[in-house]
Amino acid sequence: LDEVSPRALAVDAVNTVVFHPDGRRTGDNTDVPGLVAALRERGVEKVGSAAVLGAGATASSALAALGQVCDGPVLAFVRGPERAAQMRALGQQLGVDVVPQAWDRAAEAFAAELVISTTPVGSTDHLAAAVPEEPGVLFDVLYHPWPTALAAAWQQRGAVVLGGLDLLVHQAVLQFRAFTGLVDADVVAAMRVAGEAVLSQAG
């Protein structure tokens, strides 16, 4: 890449490469603004507390997004001291107050106003029974299979739940704009319909 956006550098992850007519290649990360846009679509502008489950690349994007959404500390539930140190360091870099927590205490995340789960399929299934009667907002970044056990338990409580398709669509809209230059194009609904159609055939 000839250039990388400050956002992608901050989270050490590029998910979008734009090829320019002059041959230059620039890298960006659309997951961060995609997360923020998806939350705003569901009316989540600001929260006082948040928790992140996991410590991978998507968790890094989630922390960067929470820097714009969360006014208070962010609990990061991770496996092992190395992951805890990584999340704490990333939080310092992003200006987010990250408080690492042991994974075996992950159910405590559900006391936060916003919970973002970035873990692989099946990792949070055992936590479904721990969802409180009145939970906050859940953003589970998985989209297949859907709903996850955790998302289903959250939905049964009547609380706000966002899934991986929400993130996929909103980050893709930003990619579409970067590729085409059509910044005013409203393609969210069309992309969501297309995504649902593909997932319905996934089995």
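The values are calculated or read from the model by the stated rules, or taken from the named source; none is laboratory data. Keep in mind that what you see is a predicted model, and the values were worked out from it rather than measured. All Cβ positions, even for glycine, are placed from backbone atoms using ideal geometry, and neighbour counts span all protein chains on display. Protein only, heavy atoms only, side chains kept; ligands, DNA and RNA dropped before computing areas. Shrake-Rupley method; radii C 1.70, N 1.55, O 1.52, S 1.80 Å.
Computed values, structure above
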read-out	value
Selection from VAL17, ALA55, MET87 lying farthest towards where the dipole of segment 1-135 points positive, charges on Cβ	VAL17
Estimated FRET transfer efficiency when R0 is 35 angstrom, pair ASP12-SER200 (beta carbons, to 0.05)	0.50
Per-peptide average of other Cβ atoms within 10 Å, ordering 176-183, 135-142, 11-18, 149-156 highest first	135-142, 149-156, 11-18, 176-183
Among ALA38, ALA85, ALA106, residue whose mean-square fluctuation peaks in a GNM of the chain (springs only between Cα atoms under 10 Å)	ALA85
Surface per residue (accessible, 1.4 Å probe) for the chain, Å²	49
Sulfur and carbon atoms: percent of accessible area, the chain [1.4 Å]	53
Residue range of the chain that is longest and free of GluC sites (Glu not before Pro) which are both DSSP loop and sparsely packed (at most 13 other C-beta within 10 Å)	46-132
Shape call, segment 1-150: gyration tensor on alpha carbons, a/c limit 1.5	prolate
The chain - charge dipole about Cα centre, Lys and Arg +1 at Cβ, Asp and Glu -1, debye rounded to 20	180
Label-point separation in nm, GLN155 to VAL193, each point 7 Å along Cα→Cβ	2.2
